[in-house]
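Engineer: Take a look at the following structure, please.
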Amino acid sequence: FVNYLPQTMSQDEIRSLFVSFGEVESCKLIRDKVTGQSLGYGFV
């Protein structure tokens, strides 16, 4: 679980931050269902 992400950050940018620690099996940025805007958290 990763919290306090900038709303402008993309899923690919999050993945690139964590790849230096090892292989990233999955990365999911949580978005608002209506607006599609990032809610500022996700799962890696």
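Engineer: Just subtract the alpha-carbon distance of residue 32 and residue 17 from 0.36 nm times their residue separation and send over the number in nm, one decimal. Don't jump to the answer; show the numbers that get you there.
Structural biologist: Values: separation 15, 0.36 × 15 = 5.40 nm, distance 2.25 nm.
Gain on extension, residue 32 to residue 17, equals 3.1 nm.
Engineer: Still on this structure, please answer the following. Quick one: compute the contact order of the chain, relative version, from alpha carbon pairs under 8 angstrom and 6+ residues apart, as a percent. Could the numbers behind the result be given before it?
Structural biologist: Details: 57 pairs, mean separation 22.5, N = 44.
Averaging sequence separation for qualifying contacts and normalising by length gives 51 percent for the chain.
Engineer: Where does the chain land at 222 nm, in deg cm²/dmol rounded to the nearest 500, when only DSSP H runs of n ≥ 4 count, each adding -39500 (n - 2.57), divided by all residues? The partial results should precede the final answer.
Structural biologist: Details: 1 runs with 8 residues, N = 44.
For the chain, the value works out to -5000 deg cm²/dmol.
Engineer: Can you compute the equivalent ellipsoid semi-axes for the chain, i.e. the square root of 5 times each eigenvalue of the Cα gyration tensor, sorted largest first and rounded to whole Å? Please list the in-between numbers first.
Structural biologist: Values: eigenvalues 76, 17, 14 Å².
So the three semi-axes of the chain are 19, 9, 8 Å.
Engineer: Whats the longest run of the chain with zero chymotrypsin sites (Phe, Trp or Tyr not before Pro) that are DSSP loop and have at most 10 other Cβ atoms within 10 Å?
Structural biologist: On the way: sites that count: 1, 4.
Maximal segment without exposed cleavage sites: 5-44.
Every read-out reported here was derived from the displayed coordinates using simple, explicitly stated rules and does not represent laboratory data. Since this is a predicted model, take the numbers as computed values, not measurements. So basically every Cβ, Gly included, is an ideal-geometry build from the backbone, and we count neighbours across all protein chains shown.
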